[in-house]
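Scroll down for the structure; my scribbles are underneath it.
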Amino acid sequence: MQVVISGIGTAVPAHQCRQQEAGEVAAKFCSATPEQAHMLSILYRMSGVNTRGSVVLDRAEGPLTDRQEFFPPCTPEFPNGPTTEARLQLFAEEAGPLAMEASRQALERSGISSSAVTHLITVTCSGFVAPGFDFTLINQLPLRPDVARTQIGFMGCHAALNALRVAHAFVAADPRAVVLICCVELCTLHYQYGWDPEQIVANSLFADGSGACIVQADTTASHGSNGATNGARTRTLDRIVASGSIMLPDSDDAMTWRVGDHGFRMTLSSRVPGILAEHLRGWMTNWLANFGLTPEQIVTWAVHPGGPRILNAFAEAMSISPDALSISREIMQTHGNMSSPTVLFVLDRLRRDKASGPCVAIGFGPGLVAEATLLR
């Protein structure tokens, strides 16, 4: 029996902002001097992001500051923006619709009825409320009331890959299982005011979005003793072969994600590219050897686009051409870093382009921890 991703769905907010506009607004919210404003404009230009979606935007046209009412101007009376309570209230209102859109797409592309789903895995690190968007999916897709629920929380940008590991285990234990994974992140709710170098980097990269997929046993055809399909199989990069995880050394403070009084605060150390360059290839080589593979035999890399420096460091560490990560860069340009759903956007695009395997999907999260999934 093989475990496959039979369909992927994606969703973004109705309205987007251009990165140049976001940089101009950041100068008003985060800088105190002309020099800081100039540095912000450079940072936003070099972010690798062209457009990003945000649930706080309520219209498509006009000056960016006039297209939202959630974040008040930075003043002595309001130096830090909305409280965490207010941000999580908006998460509770906006997460469900995005989750619904992505999940409906995943079901449609899988050819699976919502009533056939036996397990639901929800993923988020940007908002918490109970009941949450899992209830939205159960009530509105609808799913069966006895669907088995699992929540994967606060694991950051690689959490979709953690969810794939859990879903693979469910299906391997019971081939009748049909698992819906739904990731929703509303990162822009945690926009931070003021001049903090690590916070302004996060402000320049993160965005909102949802990604969903169906994981199930392969029912499209039988398989021969060598694992080859004895029938027509049109999907690519669908079979989940294995998962891997590594906590990279001396990295406890390299990436953090903590709850503050005015949203969740991220730190992203400038050491991250160096840590990846020093330690990633050795682990990847050893992990792939378990499956008779070398890094050079990986045809396709589905890398979470955490930022341009992370993508560059990954390419250098694995001795691959920057062009090998062109889809990751394109997703970052058009959608920004949406945290956990982003790697599903990358995989969806690669599958639509009929990319070949073997493929490694990989992301990096707080710790610094690398999570990977081997696909065929």
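Tell me the net charge near PRO13. Cut-off is 13 Å between Cβ atoms, PRO13 excluded, with +1 for each Lys or Arg and -1 for each Asp or Glu. So the surrounding residues net to -3. Count Lys and Arg as plus one, Asp and Glu as minus one, and take only other residues whose Cβ is under 14 Å from that of ALA159; the net charge is then -1.
Label positions at ASP253 and GLU278, each projected 7 Å from the Cα along the C-beta direction, are separated by 1.5 nm. For GLU198 and HIS15, a Förster radius of 41 Å and the Cβ-Cβ distance give a FRET efficiency of 0.90, rounded to the nearest 0.05.
For the charge dipole of the chain, defined by +1 on Lys and Arg C-beta atoms and -1 on Asp and Glu C-beta atoms about the Cα centroid, which residue among GLN19, ALA159, VAL147 has the Cα displaced farthest towards the positive pole? It is VAL147.
Only Cα pairs under 8 Å and 6+ residues apart enter the sum, and on that basis the relative contact order of the chain stands at 24 percent. Highest average first, the peptides 282-290, 196-204 ordered by how many other beta carbon atoms sit within 10 Å of their residues are 196-204, 282-290. Here the extension length gained between THR220 and LEU64 equals 51.4 nm, from 0.36 nm per residue of separation less the Cα-Cα distance.
Labels on offer are [x] 42, 27, 19; [y] 36, 25, 21; [z] 34, 25, 17, and the one holding semi-axes √(5λ) of the Cα gyration tensor in Å computed from this structure is [z]. A Förster radius of 35 Å, combined with the Cβ-Cβ distance separating ASP261 from GLU101, puts the computed FRET efficiency at roughly 0.65. A simple charge model with +1 on the Cβ of Lys and Arg, -1 on the Cβ of Asp and Glu and nothing else charged puts the dipole of the chain at about 1140 debye relative to its Cα centre. Take each peptide in 172-183, 20-31, count the other Cβ atoms within 10 Å of every residue, and average; sorted highest first, the result is 172-183, 20-31. Taking label positions 7 Å along the Cα-Cβ direction at both THR294 and ARG144, the computed distance is 4.8 nm, reported to one decimal. Across the stretch 224-371, the mean sequence separation of Cα contacts (distance under 8 Å, 6 or more residues apart), normalised by length, yields a relative contact order of 36 percent. Taking the simple approach of a point 7 Å from Cα along Cα-to-Cβ for both SER319 and THR84, what is their distance in nm? Here the modelled spin labels are 4.6 nm apart. Averaging the Cα positions of each part gives two centres, and for the stretch 34-107 and the stretch 120-158 these lie 22 Å apart. Annotation: per residue accessible area for the stretch 259-300 equals 49 Å², rounded to a whole number [probe 1.4 Å, protein chains only]. Rounded to the nearest 0.05, the FRET efficiency derived from the C-beta distance between SER41 and SER245 at R0 = 41 Å is 0.60. Just name one of ASN286, GLN192, LEU120: the one whose Cα is farthest towards the positive end of the charge dipole of the chain (beta-carbon charges, Lys/Arg +1, Asp/Glu -1). Value computed over the given set: ASN286. Summary of the geometry: the stretch 175-217 and the stretch 250-314, compared by the centres of their Cα atoms, lie 17 Å apart. For the stretch 238-305, the gyration tensor built on C-alpha atoms gives a prolate shape. Its axis ratio a/c (a ≥ b ≥ c) is at least 1.5, and a/b is the larger of a/b and b/c. Across the stretch 1-153, the relative contact order, built from alpha-carbon pairs under 8 Å that are at least six residues apart, equals 26 percent.
Quote the charge dipole size of the stretch 330-376 about the Cα centre in Debye, to the nearest 20; the model charges only the Cβ of Lys and Arg (+1) and of Asp and Glu (-1).
On the way: 5 positive and 4 negative charges, 43 e Å.
So the dipole magnitude of the stretch 330-376 works out to roughly 200 debye.
Calculated from DSSP H runs of 4 or more alone, at -39500 (n - 2.57) each and per residue, what is the 222 nm mean residue ellipticity of the chain, nearest 500? Could the numbers behind the result be given before it?
Working: 10 runs with 132 residues, N = 376.
That calculation yields -11000 deg cm²/dmol at 222 nm.
If you take the square roots of the eigenvalues of the alpha-carbon gyration tensor of the stretch 266-364 and sort them as a ≥ b ≥ c, do you get rounded (a/c under 1.5), prolate (a/b over b/c) or oblate? Since a/c reaches 1.5 but b/c is at least a/b, the shape of the stretch 266-364 is classed as oblate. Using the 1.4 Å probe convention, the accessible area of the stretch 18-93 works out to 57 Å² per residue with neighbouring protein chains retained. GLU198 sits among other residues whose Cβ lies under 12 Å from its own Cβ, and their net charge, with Lys and Arg +1 and Asp and Glu -1, is +1.
The values are calculated or read from the model by the stated rules, or taken from the named source; none is laboratory data. Values in this document were obtained by computation on a predicted structure and should not be read as measured data. When we count neighbours, we look across all protein chains shown, and the Cβ atoms used for this are built from the backbone with ideal geometry, even at glycine. Surface accessibility is based on the protein's heavy atoms, side chains included, excluding ligands, DNA and RNA. Shrake-Rupley method; radii C 1.70, N 1.55, O 1.52, S 1.80 Å.
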